[in-house]
Amino acid sequence: MYAKFSVHVYYWILIIILTLFYMIKNNTVEVFIPCFIDQLYPQTAFNTIKVLERAGCKVIYNPEQTCCGQPAYNAGFLDEAKKVGAKFLNDFTENQTIVSPSASCTGMVKHGYNDLFTNTMVHNKCRSIQSNIYELSDYLVNILKKDYFGAELEGRAVYHDSCSGLRDCHIKEEPRQLLSKVDGLELVEMRDTDVCCGFGGTFAVKFESISSAMAEQKVYNALEMEADYIISTDVSCLLHLQAYIDKHSLPIKTMHIADVLAHGWANI
């Protein structure tokens with residue numbers, strides 16, 4: 001009985017290993033498009049897929065996906081966040097690579113789900129998905145080892161380190177490495193690049209004056225460098241900053257890194 005059990009176990013281990021090898025070899029990825037991007041920045045979603053395909057990936061998109069549960073989680077509604085998070089776990093494949101153009105949502109899955117699903121019936125599936133989800137720039141640079149996509153963008157830019165990107169996903173050099181390979185783009189460092197932009201989800205609603213002051217500081221740090229663009233991995237930060245820019249008619253604009261990497265391909 002023990003011998004039969006062992007053979008059975010080894011057989012399934014072999015199947016899993018071969019399946020993972022096939023996925024890695026073929027660079028098949030599932031893409032997670034956060035609700036924020038889906039509703040407000042759909043072009044960023046399309047550009048994310050374009051960049052991944054140019055990197056040689058086969059991209060799978062599940063149209064049933066919605067939200068990771070972060071809004072409810074950050075507001076303290078853990079039961080509601082758990083319901084949304086459970087749907088997320090059902091919408092994605094346990095042993096498949098998942099790539100998202102949002103460090104914030106990626107960080108929520110990697111860390112916030114510990115509070116929601118540890119020692120539950122989906123504990124193991126959650127841990128597997130947590131280990132397989134990547135923010136876009138992290139995946140391109142550290143997993144695929146690719147940083148040039150033929151992008152062109154004329155102008156000077158600063159990069160904003162989002163709180164989630166820097167502290168949850170531990171990405172700092174990866175976006176800068178990608179941007180350094182964009183033809184025509186001069187990347188410069190602004191003061192306090194790693195300081196929060198002031199969005200913080202409901203923080204921007206509960207503490208409007210503080211939030212606006214933080215956005216003002218970030219934008220003027222960029223203008224101090226005579227930048228044409230503020231680039232980041234998180235559209236929530238960019239939405240907040242662009243709102244301040246538009247309100248005061250300032251000569252600068254925000255761009256998501258996926259939009260930058262997909263820019264100017266027609267000139268190749």
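Taking 211, 162, 249 in turn, the Gaussian network model of the chain (Cα-Cα springs below 10 Å) assigns the largest fluctuation to 249. A Förster radius of 51 Å combined with the Cβ-Cβ distance from residue 77 to residue 223 puts the calculated FRET efficiency at roughly 0.85. In plain terms, the C-alpha convex hull of region 148-267 casts an average shadow of 7.1 nm² when viewed from every direction.
Selection among 217, 93, 265 by position relative to the dipole of the chain gives 93 as farthest towards the positive end (Cβ unit charges, Cα centre).
A quarter of the convex hull surface defined by the alpha-carbon atoms of region 2-142 gives 9.7 nm² as the mean projection. Distance between the C-alpha centres of region 24-97 and region 223-268: 23 Å, rounded to the whole angstrom.
Which value results for Rg/Rh of region 90-177 when Rg is the Cα radius of gyration and Rh the Kirkwood radius based on the inverse mean 1/r? A ratio of 1.05. Where [x] 0.94; [y] 1.02; [z] 1.30 are the candidate values, the label of the one calculated here for Rg/Rh (Cα atoms, Kirkwood Rh) is [y]. Based on DSSP H segments of at least four residues, each scored -39500 (n - 2.57), the chain has a per-residue ellipticity at 222 nm of -14000 deg cm²/dmol. Of all the options 88, 149, 77, the one that moves most in a Gaussian network model of the chain with Cα springs shorter than 10 angstrom is 77. Panel order for 44, 97, by other beta carbons found within 10 Å of each beta carbon, from fewest to most: 97, 44. Largest GNM mean-square fluctuation among 83, 172, 110, using the chain with Cα springs under 10 Å: 83.
Filter the GluC sites (Glu not before Pro) in region 202-265 to those in DSSP coil with at most 13 other Cβ atoms within 10 Å of their Cβ, and list the result. Each step should come with its number before you reach the end.
Working: sites: 208, 216, 224, 226; in loops: 226.
When the GluC sites (Glu not before Pro) of region 202-265 are filtered for loop state and at most 13 Cβ neighbours within 10 Å, 226 remain.
With a simple spin-label model that places each label point 7 Å from the Cα along the Cα-to-Cβ direction, the separation between residue 14 and residue 186 comes to 6.1 nm. Taking a point 7 Å out from the Cα of residue 146 in the direction of its Cβ, the residues of region 158-181 whose backbone N falls within less than 16 Å of it are 178-179, 181. With neighbour counts taken as other beta-carbon atoms within 10 Å, the residues 57, 68 rank, fewest first, as 57, 68. In straight-distance terms, cross-link reach from residue 253 covers every one of the lysines whose alpha-carbon lies under 24 Å from its own, apart from those fewer than eight places away in the same chain; here that gives 50, 172, 181, 218. About the centre of its Cα atoms, the chain shows a dipole size close to 1020 debye [charges on the beta carbon of Lys, Arg (+1) and Asp, Glu (-1) only; nearest 20 debye].
Quick one, could you list the DSSP H helices from the chain stretching 15 Å or more along their long axis (Cα atoms) with average Kyte-Doolittle hydropathy of 0.5 or above? Let's see the in-between values first.
Working: long enough: 2-26 (36 Å, 1.18); 42-54 (18 Å, -0.37); 78-91 (19 Å, -0.56); 208-224 (24 Å, -0.31); 235-247 (17 Å, 0.63).
For the chain, where a helix must reach 15 Å along its axis and average at least 0.5, the hits are 2-26, 235-247.
Every read-out reported here was derived from the displayed coordinates using simple, explicitly stated rules and does not represent laboratory data. Values in this document were obtained by computation on a predicted structure and should not be read as measured data. Don't worry about glycine lacking a Cβ; one is built from the backbone with ideal geometry, like all the others, and counts go over all protein chains shown.
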